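Heads up, the thing below is written out as structure tokens.
The values are calculated or read from the model by the stated rules, or taken from the named source; none is laboratory data. Quick caveat, the model's predicted, so the values are computed rather than measured. Cβ sites come from the backbone with ideal geometry, for glycine too, and all protein chains shown count toward neighbours. Heavy atoms of the whole protein, side chains included, go into the accessibility calculation; ligands, DNA and RNA do not. Shrake-Rupley method; radii C 1.70, N 1.55, O 1.52, S 1.80 Å.
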Amino acid sequence: MSGNTGFGVVSPRGTGGAGGVMSGRMLSARTVAVAAGRPAEPGAPLNTPLVPASAFAHGGGREYARDDGSPTWQALEQAVGALEGGHATAFASGMAAIAAVLGLLPAGATVAVPTFSYAGLRELAGHASGTGRLRVIMVDPGHTAAWRQAAERADLLWLESPANPTLDLTDLRAVIAGARETGRLVAVDNTFATPLGQQPLALGAGIVVHSATKAIGGHSDLLLGLTVTADAGLAGQLTAERMRSGATPGVLEAWLALRGLRTLPVRLAEATRTAGILAGMLAAHPAVTRVRYPGHPSHPQAALARAQMRGGGTVLAFELADGHAADRVCHAVRLVRHATSLGGVETTMERRQRLAGDAHVPAGLIRLSVGLEDPGDLWDDLEQALGHAQRA
Ligand code: PLP
């Protein structure tokens with residue numbers, strides 16, 4: 001569908017801004033989230049319709065959806081691309097998007113991966129290392145000098161900031177600048193910050209990856225991933241990876257993800273506000289030994305968070321004395337859902353160390369994804385659940 005509203009690829013405005021141009025004036029990110037990727041033809045529906053089609057009649061430029069894309073994916077890609085300042089490609093899941101980026105690397109290439117980062121990424125990189133396809137270097141997310149050293153020998157630096165589930169930050173500006181000096185490609189998983197919270201392409205990253213399963217979709221009802229790059233050549237390679245692997249999103253998922261994106265600015269603002277309140281309450285609770293939230297002054301990288309993020313985000317972690325205490329608290333919540341994943345309108349939490357891929361995180365660490373419930377109701381529930389931290 002070539003006639004979508006023209007908020008295609010634009011330069012981001014300032015640090016937090018992202019947007020299209022209208023009458024020579026930059027639009028703010030919240031406007032772009034609402035306005036981009038809509039049909040522009042007179043009489044067209046306001047929303048790009050859900051087009052469940054694998055094949056298209058000859059002569060229109062699009063023949064087969066896996067090769068040529070779908071109008072439904074394209075609307076989402078235009079909107080996310082406009083927000084991040086690049087060309088977006090939608091995939092079946094965040095992991096499919098990650099796999100497509102790693103798939104760009106030739107056999108024998110080296111990738112530097114954060115020690116603390118989404119377990120699925122480390123599992124995939126570890127598998128590629130185990131089969132001999134890639135070499136993997138592990139780097140402490142917050143250790144800028146170590147990233148600079150890694151940039152001497154790694155073909156790809158994979159950054160994730162804030163990191164899942166420890167909320168460690170990486171100094172994106174410094175690490176990306178170092179990687180550019182050595183001509184290395186940098187990919188940033190921007191899932192936690194969202195396209196509104198941080199824009200790595202504006203800092204010189206080559207590729208941004210999102211699990212739109214999380215905050216972009218926002219309702220825990222879909223799996224979808226995206227890559228975004230300002231480099232047209234890389235965008236073509238990523239789309240070719242999707243075509244080869246067949247890691248295509250469903251049209252319903254793409255449609256729902258775009259519907260979710262429309263409200264991301266207000267959901268993000270509200271949930272970030274609540275996350276800040278809960279971080280403060282948790283930090284003052286006697287059963288809590290540590291709170292990890294980039295927007296809380298106790299975060300060791302709080303200054304970096306202020307410099308590179310717009311708000312502290314909607315995910316925090318807090319620690320209890322041990323895994324048993326954390327399990328008791330997770331089983332005691334009533335309003336907060338004891339469930340995995342994050343970024344939904346409903347608040348969820350889980351103890352991460354129980355997952356094989358996160359065996360190295362502290363046993364008592366609980367990741368809390370803050371939703372849109374009333375902060376007072378959430379605190380009442382967390383407080384009563386924390387009462388179960390001590391064995392009865
Ligand atoms: N990146 C991050 C930071 C994640 O938290 C996740 C999933 O939890 C992924 C990527 C993978 O996304 P998906 O589950 O959509 O494959």
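Observations on the model:
- Every test in (1) in contact (Cβ under 8 Å) with a residue 60 or more places away in the chain; (2) in contact with a Ser or Thr (Cβ under 7 Å, 6 or more places away or on another chain) is passed by H324 save one, and that test is (2).
- Residue count for region 338-357 under the criterion of being over 24 Å from I216 (Cα atoms) and either touching a Ser or Thr at 6+ places or on another chain (Cβ under 9 Å) or assigned by TED's automatic domain parsing to the domain that holds F192 (or both): the result is 1.
- Residues located in region 200-216, provided they are closer than 22 Å to V113 by Cβ and away from the ligand (no atom under 14 Å from the Cβ): L201, L203, G204, A205, G206
- Test for T89: is it open to solvent by less than 20 Å² (accessible area, probe 1.4 Å), in contact with a Ser or Thr (Cβ under 9 Å, 6 or more places away or on another chain) and in contact (Cβ under 8 Å) with a residue 24 or more places away in the chain: yes
- Any hit, region 153-172, residues being open to solvent by 20 Å² or more (accessible area, probe 1.4 Å) and within 21 Å of the chain's Cα centre (by Cα): yes
- Residue count for region 348-370, restricted to those that are without any contact (Cβ under 8 Å) to a residue 40 or more places away in the chain and assigned to a loop (DSSP other than H, G, I, E, B): 1
- The residues on offer are E241, E270, and the sole one that is within 16 Å of the ligand (Cβ to nearest atom), of a type in the set (D, E, K, R), open to solvent by 20 Å² or more (accessible area, probe 1.4 Å) and in a helix (DSSP H, G or I) is E241.
- Against the test of being under 22 Å from A212 (Cα atoms), surrounded by fewer than 22 Cβ atoms within 10 Å (Cβ to Cβ) and modelled with pLDDT of 95 or more, the options L76, L83, L50 yield a single qualifying residue, L50.
- Looking only at residues in region 92-117 that are outside any helix (DSSP H, G or I), touching a strand residue (DSSP E or B) at 6+ places or on another chain (Cβ under 6 Å) and within 11 Å of the ligand (Cβ to nearest atom), the one that is most open to solvent (accessible area, probe 1.4 Å) is S93.
- Residue list for region 290-302, filter: surrounded by fewer than 16 Cβ atoms within 10 Å (Cβ to Cβ) and in contact with a Pro (Cβ under 9 Å, 6 or more places away or on another chain): R290
- The set of residues from region 55-77 being touching a Phe, Trp or Tyr at 6+ places or on another chain (Cβ under 7 Å) and free of Cβ contacts under 8 Å to residues at least 60 places away in the same chain comprises A55, R62, E63.
- Residue pairs whose Cβ atoms lie under 6 Å apart, separated by 6 or more positions or on different chains, with the first residue in region 118-136 and open to solvent by 60 Å² or more (accessible area, probe 1.4 Å) and the second within 11 Å of the ligand (Cβ to nearest atom) and assigned to a helix (DSSP H, G or I), are E123/G357.
- Only listed residue being closer than 26 Å to E270 by Cβ and either more than 16 Å from the chain's Cα centre (by Cα) or away from the ligand (no atom under 16 Å from the Cβ) (or both), chosen from V80, V51, V139, V32: V32
- Only one of A305, A385 that is more than 16 Å from the ligand (Cβ to nearest atom), open to solvent by less than 10 Å² (accessible area, probe 1.4 Å) and over 30 Å from D171 (Cβ atoms): A385
- Restricting region 222-238 to residues that are of a type in the set (A, V, I, L, M, F, W, C) and within 13 Å of the ligand (Cβ to nearest atom), the residue that is farthest from the chain's Cα centre (by Cα): L222
- Count of residues meeting criterion [more than 25 Å from A269 (Cβ to Cβ), surrounded by 15 or more Cβ atoms within 10 Å (Cβ to Cβ) and within 16 Å of the ligand (Cβ to nearest atom)] in region 324-361: 6
- Selection within region 54-80 - among the β-branched types (V, I, T) and closer than 20 Å to T229 by Cβ: V80
- Against the conditions (1) open to solvent by less than 20 Å² (accessible area, probe 1.4 Å); (2) more than 9 Å from the ligand (Cβ to nearest atom), H219 satisfies every one except (1).
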